[in-house]
Amino acid sequence: MSVVRPAPSSIPDAPGAYLFRDGDGRVIYAGKARSLRKRLASYWGKPLHPRTAAMTEAAESVEWIVASGEVDALMLEYNLIQRHRPRFNIRYRDDKSYPYLALTVGEKWPRAQVLRGAKRKGVRYFGPYGHAWAIRDTLDALTRVFPVRTCSNAFFDQRSRAGRPCLYYDIGRCAGPCVPATTGATEESYRVHVDAMAEFLAGTTRPVLRRLETQMRAASEHEEFEQAARFRDQLFAARRALEKQEMVLSPPQDLDVVGLAEDELEAAFQVFFVRRGRVLGRKGWVVDRVEELDRSQLIASFLEQLYMERQEVPARVLVAVAPADGDLLETWLAGRRGAPVRIAVPERGAKRKLLEVVTRNAEEAFHRHKLRRASDFGARSRALTELADQLGLEQAPLRIEAYDISNLGPTDKVGSMVVFEDGLPKRQDYRKFTIKGVVGQDDFASMDEMLRRRFTRLLDEQQRPKDGRARRFSYPPALVVVDGGRGQLAQATRVLGELGLSIPHIGLAKRLEEIYFPDRPDPLMIPRGSEALFVLQHIRDEAHRTAVRFHRQTREKRAFHSPLDDIAGIGPARKKSLLKRFGSLARLREADPEQIAGTPGIGPDLATAIHEHLHARPTSDRRATA
């Protein structure tokens, strides 16, 4: 560690925030603590996680700021992160593409419109919504109840100069504030419509529905049927707008639901904003996990970020895992709301189901994010070119193969080979290996066997006469990536050398995303924001997922294996028929060949083979008898 440890007596035993700075004085990390003395001492008192160790190695000095309490320390940390943007603090990227229904309440004649991107002053936002058409459908219904303008300022000025309102005024969908002298609209009366629409969008819908129903009945009783029909249409329009907001909780409640999907490098959050039991909006974020946080700390960090930027705080927040410092967060949120706030993990019922829905949305958004990042051709080309530069290759590696081993013990050892061409997965070239020649649990020997089988097959395919058929194993990779460090890489170097192949190969270790070379003593660390590193991480993670999935399938197949599976001519249908008739394998073993042959689909010869197989003694028993 390059930071000189300050004397413990010089650090106050009080809540506050602290900053690590590099040699140029830039803030590279900001944190908070209940006790600055204890928190800072932890950086020198025990082995650090690799990411934290990398931060302390880059730091040259540390300083601290005392806060009046834990809540103030939390807010101070947030402000310092927003001000300095430290590179070792976790970073949140919200999805600016989500549209909002916005009311420009700061204007003299406010309008309702669809807005995206950064929020503006003097605008009240509702949502965000999943699609812009959902907002337009909602506005189409609401303007029949609340005649608020939806036109642009340029069109508003044009109508004002012409001295004539547009068609929306004529059909009762706008109060006509562009020509108040003609329409009789005043700022006070128009503001009533705007405030009523805002309250309706915020979830206060009952007063509006009750008022419209009362007005409709009163007009009908006075035999003012045209007026009653107008109130009836407005009532139907208001109910139609409500139908577009999915009802998810009964009785109605106000809460935010936070879903999380993550891997080792990134995470995705989705939040559903539920008011009066209806989903009024949702929004997503993607997180770069440059800071080492476990799941509870990650959720705590996200809640801090979310409600620092969001004015509205509900009475309850639902999360998948209780956040770290949950009591502190609840105290802080209660201060912002002016009433108690509870952060809860739902265990059952409608709230649990709702959390599962939000979590699935987070997983789908995370998957789309990775595909979007990987599928951009320009980005892929730049990433492969950058990868070639970083690894010292003569040209961009257009075909990359990655290998991984998966096992949980001496049995069911498997490996995976995944192929990326032009930076994208080529799944038809994926291969799965069952490790057969390794005794016990030995990842190095398993890697040796898998690589030897693959590249021996490559040489065999290349020796065959060309017959015009494409053989997938006949294509040599431009780069081989093994999941692991020096041990796994040494196996690849030995196999390729013994087979006389000169193929660039590296090892990618998960600890700090270090890249090992066969001829270099020190590993290479590509910057975390690099697209080249993303390509390597993507293919390494794909190899790992494929190996783990194949291992799970192999383990499940062994667990459900039946002696009937070893008999030639017995497939799933016949096995099902036998078990359906006899009920169990024990009863089938007690039956004679004639009884077995009475099963549909089983002939005399097959019945004899089944009987002999089930009554055959193991080889070891026969040897003992002899």
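The values are calculated or read from the model by the stated rules, or taken from the named source; none is laboratory data. Source: prediction; values computed, not measured. Here the Cβ positions follow ideal geometry from the backbone for every residue, glycine too, while neighbour counts run over all protein chains shown. Quick note on the areas: whole protein, heavy atoms, side chains included, nothing else; ligands and nucleic acids left out. Shrake-Rupley method; radii C 1.70, N 1.55, O 1.52, S 1.80 Å.
Annotations for the structure displayed:
- Figure note: F455, F550, F444 ranked by solvent-accessible area, largest first, 1.4 Å probe, ligands and nucleic acids not counted: F444, F550, F455.
- Exposure rank, largest accessible area first [L355, L424; 1.4 Å]: L424, L355
- The convex hull built on the alpha-carbon positions of the chain has an orientation-averaged projected area of 47.2 nm².
- Accessible area in square angstrom per residue, the chain, 1.4 angstrom probe: 51 Å²
- 0 to 90° range, to nearest 10: angle between helix 349-375 axis and the chain longest Cα axis: 70 degrees
- Net charge of Cβ neighbours under 12 Å - reference P15; Lys, Arg +1; Asp, Glu -1: 0
- Chymotrypsin sites (Phe, Trp or Tyr not before Pro) within the stretch 1-83, DSSP loop, no more than 14 other Cβ atoms inside 10 Å: none
- Surface composition of the chain: carbon and sulfur make up 50 percent of the accessible area, probe 1.4 Å.
- In summary, the lysines within cross-link reach of K576, defined as a Cα separation below 27 angstrom excluding same-chain residues under 8 places away, comprise K557.
- Structure-based [θ]222 nm, the chain - -39500 (n - 2.57) summed over DSSP H runs of at least 4, per residue, nearest 500: -14500 deg cm²/dmol
- For E556, neighbours were defined as the other residues whose beta-carbon sits under 12 Å from its Cβ, and their charges (Lys and Arg +1, Asp and Glu -1) total +4.
- Taking every Cα-Cα distance in the stretch 264-419 and sorting them into 5 Å bins starting at zero, the pair-distance distribution P(r) comes out as 1, 7, 12, 15, 15, 12, 10, 9, 8, 7, 4, 1, 0 percent.
- Helix axis angle, 187-201 relative to the chain longest principal axis, alpha carbon, degrees: 30 degrees
- Of all DSSP-defined beta bridges confined to the chain, some 80% are antiparallel rather than parallel.
- Cα-based reach from K46 at 23 Å (exclusive), listing lysines while leaving out same-chain residues under 8 positions away: K32, K38, K510
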